[in-house]
Amino acid sequence: MTRAYRVHGEQLQIGGTVPPSTVFSAAALKDDRGPIEKRFEELRPANRPTRQSAVFVFESVDEAKRFVASKGNHFLYEVDVGDPPRHRGDWTWLNKARQSPVIIDECAHSYWAGNATESPVWEWIVREAVATQDLSPTAQERDELRKQHYGLSTGQEIADSLRRCAG
């Protein structure tokens, strides 16, 4: 068993197959990700899998927790990916390309080469994944993760602050 971690917008059945990512739907690609994903696909080496119908998983549970903390009510799963990853790329290259579009080609080449940034977030493109365990944080745990990773106030801290202002 090769263990990895999936953040998913809908609840999955334990023992069920993880569906491919939906980030490539027409609605999702209306923001600035569209041109970046298109260019990454254009520069994809022939021996690498397409991102457009991929199952993405995180290599690290810590990075998966960090990502789930940035999302509304997404779920976090431990998954078994069976076969070795079809590609291991540093997801940070996509974020760098979003921050500075003039370096999209450099970022795409680095992503597909498997190069690491100074703060890598390793994603795997896998053939398939099966959900083995629900690791989704509770609301309180999600608040703590947001505070830890992003410096955001927890729900309780916001409520306490509002009470102080009203009182």
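The values are calculated or read from the model by the stated rules, or taken from the named source; none is laboratory data. Fair warning: this is a prediction, and the values are worked out from it, not measured in the lab. For neighbour counting, all protein chains shown are included, and Cβ atoms are generated from backbone atoms with ideal geometry for every residue, glycine included. Heads up: the accessible areas ignore ligands, DNA and RNA and are worked out on the full protein's heavy atoms, side chains in. Shrake-Rupley method; radii C 1.70, N 1.55, O 1.52, S 1.80 Å.
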State the number of residues belonging to segment 108-119 that are within 17 Å of the chain's Cα centre (by Cα), on the phi < 0 side of the Ramachandran plot and without any contact (Cβ under 8 Å) to a residue 40 or more places away in the chain. 3
Can you tell me which residue is modelled with the lowest pLDDT among those in segment 140-152 that are open to solvent by 60 Å² or more (accessible area, probe 1.4 Å) and at negative phi? 152
Applying the selection to segment 65-107, what residues are closer than 25 Å to residue 35 by Cα, in contact with a strand residue (DSSP E or B) (Cβ under 7 Å, 6 or more places away or on another chain) and open to solvent by less than 50 Å² (accessible area, probe 1.4 Å)? 67, 68, 87, 89, 90
Exactly one condition in (1) under 14 Å from residue 125 (Cα atoms); (2) at pLDDT below 85; (3) exposed (fewer than 15 other Cβ atoms within 10 Å of the Cβ) is not met by residue 21; state its number. (3)
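Looking at segment 111-139 only, could you name the residues that are outside any loop (DSSP other than H, G, I, E, B) and either open to solvent by less than 20 Å² (accessible area, probe 1.4 Å) or not polar (S, T, N, Q) (or both)?
Of everything in segment 111-139, those that are outside any loop (DSSP other than H, G, I, E, B) and either open to solvent by less than 20 Å² (accessible area, probe 1.4 Å) or not polar (S, T, N, Q) (or both) turn out to be 111, 112, 113, 122, 123, 124, 125, 126, 130, 131, 134, 139.
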Is it the case that residue 50 is touching a strand residue (DSSP E or B) at 6+ places or on another chain (Cβ under 9 Å), farther than 30 Å from residue 13 by Cα and not in a strand (DSSP E or B)? no
Would you check if there is a residue in segment 31-40 being modelled with pLDDT under 95, over 16 Å from residue 105 (Cα atoms) and open to solvent by 40 Å² or more (accessible area, probe 1.4 Å)? yes
Which ones in segment 135-150 are closer than 16 Å to residue 67 by Cβ and either among the β-branched types (Val, Ile, Thr) or in contact with a strand residue (DSSP E or B) (Cβ under 8 Å, 6 or more places away or on another chain) (or both)? 135, 136, 137
